[in-house]
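Visitor: Let me begin by handing over the structure; questions about it come next.
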Amino acid sequence: MRAIVVTDKAAGTAGMTLVERPEPEPALNDVVVRVHASGFVPTEMAWPSTWTDRLGRDRRPSIPGHELAGVVTALGYGTTGLSVGQRVFGLTDWNRDGTLAKYVAVEARNLAPLPGDVDFTVGASLPISGLTAWQGLFEHGRLQAGQSVLVHGAAGAVGSIVTQLAGEFGAYVIGTGRAADRQKALGFGAQEFVDLENDVLEDVGGVDLVFDVIGGNIGKRSAGLVRAGGTLVSVVGPPEAQPAEGLAVDFVVVADRAQLGEIVRRVRDGRLRTNIGNVATLDDAVAALNPTERISGKTIIRVP
């Protein structure tokens, strides 16, 4: 099968190559999925799991990508809950070959049914962004209706879904980003927007929840905005500063079939819009994943 592989950690996405690889075999409780569309997160190139397996052994050349939408083609021994021919989407294992390929083997529990009226491209854009937003807001941020939420990167792939979900659940949403992102963030439902290059972040005042996808100096300054009893949720590593009277939480997203179902249900009924910035084929994936200009939204790779 055709697949994108990486071999050089220092080269990052620039070291990607399109090659022929053996088709995967399903292990215990696995399924094999014919990938129709794949998502990719650029920070994967810095993740240890991209380069080693769970025992720390070098697994290069490895296939990156951990989001997919496709069709089940084979079941491993003992696999239940899914069937051959079923449309699925989900989040693959971090330490195994990923989804920038024609086929991928993945634990069945990591996948959810993809309704027939949801395009594969849309399905592949949802797992990491949607689950990160859901788990950050509701599991770790304990969002309550009427609270205020500061969403960094509100026009991005994760931030746009955070903005929409927070708004649906009755929060007052303040988005941040670059000046060019203002209208996009407001279009996703932010009530206010802070231009991080020209506005003063501290003018926001106190908020109940900060959802941080940036980190660094912005993350440290954001800690000072969290009200007593509030939470700073980070998806870019442990926060460098703690709220004076609140919590700071960092987490790694996990696969969850029920939450994927909640997310795709909202896409179907119009409550949630995905944020796709670019779509390319597997033949053009290396160039698409090494863009020469900034892309606001997720890049999805179609696998014809």
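Visitor: Given the C-alpha centroids of region 3-74 and region 214-240, what is the distance between them in whole angstrom?
Guide: Rounded to whole Å, the Cα centres lie 31 Å apart.
Visitor: In region 25-76, which trypsin sites (Lys or Arg not before Pro) are in a loop and have at most 13 other Cβ atoms within 10 Å, using DSSP for the loop call?
Guide: Working: sites: Arg34, Arg54, Arg57, Arg59; in loops: Arg54, Arg57, Arg59.
For trypsin sites (Lys or Arg not before Pro) across region 25-76 that sit outside H, G, I, E and B with at most 13 neighbouring Cβ atoms in 10 Å, the list reads Arg54, Arg57.
Visitor: Given Cα positions, please report Rg to Rh for region 4-93, the hydrodynamic radius being the Kirkwood one.
Guide: Radius of gyration relative to Kirkwood radius: 0.99.
Visitor: Charges at C-beta only: +1 for Lys and Arg, -1 for Asp and Glu. How large is the resulting dipole of the chain about its Cα centre, in Debye rounded to 20?
Guide: In total the dipole reaches around 540 debye.
Visitor: Continuing with the same structure: Gain in length, Thr292 to Val19, computed as 0.36 nm per residue apart minus the alpha-carbon separation, to one decimal in nm?
Guide: This chain segment gains 96.0 nm when fully extended.
Visitor: Using a 1.4 Å probe on the protein chains only, how many percent of the accessible area of the chain belongs to carbon and sulfur?
Guide: 51
Visitor: If you don't mind, there's one more thing I want to ask. Roughly how many nanometres apart are two label points built 7 Å out from the Cα toward the Cβ at Gln242 and Lys9?
Guide: Going by the 7 Å Cα→Cβ label model, 3.0 nm.
Visitor: While we're on this one: Antiparallel as a % of all DSSP beta bridges within the chain, to the nearest 5? Write down the numbers at each step before the final one.
Guide: Numbers: 31 of 56 bridges.
In the chain, DSSP labels about 55 percent of beta bridges as antiparallel.
Visitor: Please report how many Lys pairs in the chain have alpha carbons closer than 27 angstrom, counting only residues at least 8 apart along the chain or sitting on separate chains.
Guide: Going through the chain pair by pair, I get 6.
Visitor: Based on the Kirkwood radius over alpha-carbon pairs, what is the Stokes-Einstein translational diffusion coefficient of the chain at 37 °C with 0.692 mPa s viscosity, in µm²/s?
Guide: Answer from the Stokes-Einstein relation: 167 µm²/s.
Visitor: Under a plain spin-label model, where a point goes 7 Å from the Cα along Cα-to-Cβ, how far apart in nm are Arg2 and Thr43?
Guide: So the label points at Arg2 and Thr43 sit 3.1 nm apart.
The values are calculated or read from the model by the stated rules, or taken from the named source; none is laboratory data. The structure displayed is predicted, hence computed values, not measured ones. Backbone-built Cβ (ideal geometry, glycine too); neighbour counts: all protein chains shown. Side chains are part of the model used for accessible areas, which takes the heavy atoms of the whole protein and leaves out ligands, DNA and RNA. Shrake-Rupley method; radii C 1.70, N 1.55, O 1.52, S 1.80 Å.
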